[in-house]
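Laboratory data are not the source of any read-out in this text; all were calculated from the coordinates shown. Just so it is clear, the model here is predicted, and its values are computed rather than measured. Here Cβ is always computed from backbone atoms with ideal geometry, including for glycine, and neighbour counts include all displayed protein chains.
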Amino acid sequence: MVWVTPKTEVYPMAIVRAGLSKCTCAMALLAMCAASSIAFASDSRQVPLAERIQGANVVVVATPRSVKASWRDNAFGDRLIVSQYVLEVHERLKGNPPANVSLELEGGTLDGFTLHVSSQPMLEPGERAVFFLDNGNGAYKSHLRGQGVLKLDDDDVVRGSSLTLNEIRRVAASVPK
């Protein structure tokens, strides 16, 4: 279908009004973005490593070996995909969990749908990481959501940073239990 609109003449005053209107809208949008980024930054501040270790019930170096996703309703009535990972524990930095622990994270793929939760990492079986865990109902939860998983590369460096596993070990040993 093709829509035809009548030809209109543009008057200089209309251009000035449109320019002011666009400028006003742009300024309002910029102000809203700045305010929301400040609000977001205050809600999701990066928690120092020692504070994360102290706040978590358990800190381990582990590898997800399997994942099973399911549909769940959260406290707000939203239907979410929740992935349950079985983690093979290689090293205990805090606490004394068993050799295999269960971790639940919001997000995953199920029935042809993929849910990415911006504050949670997406994990793949075989990805080695440091996990900061809190006790949950039958499965651990990630402490401080996405800040509770630090993925490691092959050189034991946290991806996207210069933080090493040895530095995490050093801090974990110095934090009061």
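For the ranges 93-101, 71-79, 154-162, what's the packing order if you count other beta-carbon atoms within 10 Å of each residue, average per peptide, and put the highest first? Walk me through the numbers before you get to the answer.
Details: 93-101: 13.9, 71-79: 8.8, 154-162: 11.1.
Ranked from most to least packed, the peptides come out as 93-101, 154-162, 71-79.
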Count charges around Y140 for me, please; just the other residues with Cβ under 11 Å from its Cβ, Lys/Arg as +1, Asp/Glu as -1.
-1
Diffing the stretch 131-144: the Karplus 3J(HN,Hα) column from phi (6.51, -1.76, 1.60, θ = phi - 60°), in whole Hz with x for Gly and Pro, holds 10, 9, 10, 10, 5, x, 7, x, 8, 6, 10, 6, 5, 6
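What is the sum of charges around K177, taking Lys and Arg as +1, Asp and Glu as -1, for the other residues whose C-beta is under 13 Å from the C-beta of K177?
On the way: positive: R92, K94; negative: none.
That sum, taken over residues with Cβ under 13 Å, equals +2.
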Roughly speaking, what is the stretch gain from N135 to D153, that is 0.36 nm per residue apart minus the C-alpha to C-alpha distance, in nm to one decimal?
3.8 nm
Amide H proximity to R128 below 5 Å, modelled H, separation 5+ or other chain, gives L152
Starting from the 7 Å offset along Cα-to-Cβ, what nm value, one decimal, do you get for the label separation of V67 and T114?
1.0 nm
